[in-house]
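The values are calculated or read from the model by the stated rules, or taken from the named source; none is laboratory data. All of these numbers come straight from a predicted model, not from anything done at the bench. Note that we place each Cβ from the backbone using ideal geometry, even for glycine, and neighbour counts take in every protein chain shown. Please note that ligands, DNA and RNA were not included when accessible areas were found on the heavy atoms of the full protein model with its side chains. Shrake-Rupley method; radii C 1.70, N 1.55, O 1.52, S 1.80 Å.
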Amino acid sequence: MLDVKLIERGLEKPGKTKGGLAAAMGVRPGAVSEILSGIRLIKASEITPIIEYLELNSVPIMGRVGAGASIEPEHEQVPPEGLGEVELPFPIAEETIAFEVSGDSMLPKYENGDIIVVYREQRHPLSSFYGEEAAVRLKTGERYLKTIERGKSPTVVNLKSFNAKPINSVKLEWVGEICVTLPRGQIERLRSKAATRARKAARTSGRSSDK
């Protein structure tokens, strides 16, 4: 079931209104306020229209993360809004961003072109990530997808790959905890589905305007 806070967050996006949401759901305008106040429950048939109208499953792709390659954000040709968006097959509650995997040093778990969705802000201390894969940004600026291992001191870590030499004794500026991994093939199917949905919506809008 959708969380009310998730809907409220969606309504804060530019161009999103209670009236627009009600129209997408096919209900009277006051029904949205009733849902937000807890008076009315969301029907199963209303979940998909809510997710699609509020874009609750859209995550911005903010660049690439190196799995073998060294990604230096200041040299990336990425606009402030990112490289586009990826639509997940489900809504996601926390503020998240996505990165495209570049390189093959983390094969077979992560392939070149896969998408990882991570939490925008580091939510836990560095030591809690020992032994886990994560997106990381070094103090020197490079961004990687690696397994974080304990370093010689609490302030440094070793970054391990499945198929490349480790990067030892480096300081991290940020750890992006992975919450979703989407294989390249699934990304292509999701984008195809989104494009088909957009074409259908455009045709429907065109027919409505002709009336």
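With the structure loaded, tell me whether ALA31 is without any contact (Cβ under 8 Å) to a residue 40 or more places away in the chain, under 25 Å from the mean Cα position of the chain (by Cα) and part of a helix (DSSP H, G or I) or whether it fails that test. Spelling it out, it is not the case that ALA31 is without any contact (Cβ under 8 Å) to a residue 40 or more places away in the chain, under 25 Å from the mean Cα position of the chain (by Cα) and part of a helix (DSSP H, G or I). Checked against (1) open to solvent by 80 Å² or more (accessible area, probe 1.4 Å); (2) part of a loop (DSSP other than H, G, I, E, B); (3) under 18 Å from PHE90 (Cα atoms), ILE42 passes all but a single condition, namely (1).
Of note, PHE99 satisfies the criterion of being of a type in the set (Phe, Trp, Tyr) and open to solvent by less than 30 Å² (accessible area, probe 1.4 Å). Filtering the stretch 5-32 to residues that are open to solvent by 50 Å² or more (accessible area, probe 1.4 Å) and farther than 25 Å from VAL86 by Cα leaves GLY26, ARG28, PRO29. Might you let me know whether the stretch 57-74 holds any residue that is open to solvent by less than 50 Å² (accessible area, probe 1.4 Å), part of a helix (DSSP H, G or I) and more than 28 Å from GLN122 (Cα to Cα)? No, that holds for no residue.
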